[in-house]
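Report on the following structure.
Rule-based calculations on the coordinates, nothing more; no lab input. The structure presented is a predicted model; accordingly, all values stated were derived computationally and were not measured. Cβ sites come from the backbone with ideal geometry, for glycine too, and all protein chains shown count toward neighbours.
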Amino acid sequence: MNVKRFVGKNAREALAQARAACGDNAVVLSNRPVPGGVEILAMAGEDADAPELPLPLPAAAKPKEAPLMSTLSFQDYVRERQRQEAAPVAAQVPAPMPTPRRTPTEPGRFARQQLAEAALAEAATFTEPPRAEALPAPQAVNAAASEALMTELRSMHSAITRQLSGLAWFDNARRSPAQTRLLRLLVGNGFSPAMARELVARLPDDVPETQSEKWMLDMLSHNLRCAGDDGLHQRGGVYALVGPTGVGKTTTTAKIAAQFAQQHGPASVGLITVDTYRMAGSDQLRAFGSLLNIPVHTARDAASLHELLQLFAGRKLVLIDTVGLGQRDRRVQELLAGLPAKEVTRLLVLNAAVSGETLDQVAQAYTAGPGTRCVITKLDEAVRCGGAVDVALRHRLVVEGIANGQRVPEDWHRPHSQLLAQKALMKPAGRFAPDDTDLGLLLTLPPGTRSSQEGHHA
């Protein structure tokens, strides 16, 4: 049996070589892909039909005899050696069933079958492998994993910090009952936890517990900035009252104008309204002006406002009543841009009856900064006014006056820091008064949930 090896670029070329060398009845024994093409082992059909002689089993003690290289081809020599080595093992296992002999007419059909199998093998060999799904770039995966890990670490750090702060708070409350009482007093009156904690931290160690509230009262009154005798009541000027709707801008304008007219005469006061957004928005101020014998003029745009300011250049006090816009209204900046900064002083109106968080947003929206003038209204409606005092301290506002009712002009008063501090430190009562447990939770809340942040200037 003479087996030959053929290599071609593809299966068809290798089979053509086999048929040319071994005839049309060539028998393909195997085919496999190799570098550069396909390898086929084939033999002539006559060699496949030759009878196979049984190999004698060697004796147990007889030494192996190597076949002579001169009488065999190299491939036959290798096969003979393999049979001799496998003979002892074959003697121990049952002999396999004999393979049926092929008839002389079978080699041609077998060759065609091998040709078909070789073509299928070639197709399978060169079939395009399935495309792998696109994987994200290693750098992107690593960056996302790192960011997720950092977020988790920050969350764990915040949680541990809050837990430790809570433990520190309860330990400090046990050791310093005076600070605990002051914290409860400030938070219960509407001060933000951050502001309350900073104020109480300034309490000297040598202050007796019975004098701690008086010390806090003096602390607040000393840091509150209030206009004195040289306020707008005496010096006059041009003021635009700004703030959200419903805070009492129009009524406050009438109160200030009435008191100033009583001291300096109606001819010394000028009233302007720019409230053209609401229907009959200026009617209320016109009614007050009629009672005070002060004419009210309407400015519909920046040009007309400038003309009216020139018209009232000889007046000692000019008050501008603006339209009420919420702190989240985009028109706030348009309103502020329409007020000449060099000629007009903004007078921010703060409603003491709303929360400190809302007032803080109002101050930020109306760009209140150090030295900005403000008035605090509706003190008569406020259950607690610590939020207004908190915002005044935080933004370093100058309080020009306070209003505690609807009467004109009786319910308008010059500011007094001692009275404001006393109002801000009233004993909290009712369901909203915090106890020690509530206070510990409030002071250890994460920064995003507090009513206001650090950054005051007490």
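Ranked from largest, the principal axis spans of the Cα set of the stretch 228-414 equal 39, 34, 31 Å. The order of Met150, Met216, Met426, Met195, going from fewest to most other C-beta atoms within 10 Å of their C-beta, is Met150, Met426, Met216, Met195.
Would you tally the net charge around Leu271, using a Cβ to Cβ cut-off of less than 10 Å, leaving Leu271 out, and scoring K and R as +1, D and E as -1? It works out to a net charge of +1.
The amide H of His297, built 1.01 Å from its N in the peptide plane, has Leu271, Ile272, Thr273 as neighbours under 5 Å, considering only residues 5 or more places off or on other chains.
Checking the Cα-Cα distances for Lys214/Lys427; Lys214/Lys249; Lys316/Lys342; Lys249/Lys316 against a 22 Å cut-off, the pairs over it are Lys214/Lys249. Working from Cα pairs under 8 Å separated by at least six residues, relative contact order for the stretch 228-414 is 27 percent.
When Thr252, Thr180 are arranged by Cβ crowding within 10 Å, least crowded first, meaning fewest neighbours, the order is Thr180, Thr252.
Shape of the stretch 172-259 from its Cα gyration tensor (a ≥ b ≥ c, root eigenvalues): rounded if a/c is under 1.5, otherwise prolate when a/b > b/c, or oblate? Note, shape of the stretch 172-259 comes out prolate.
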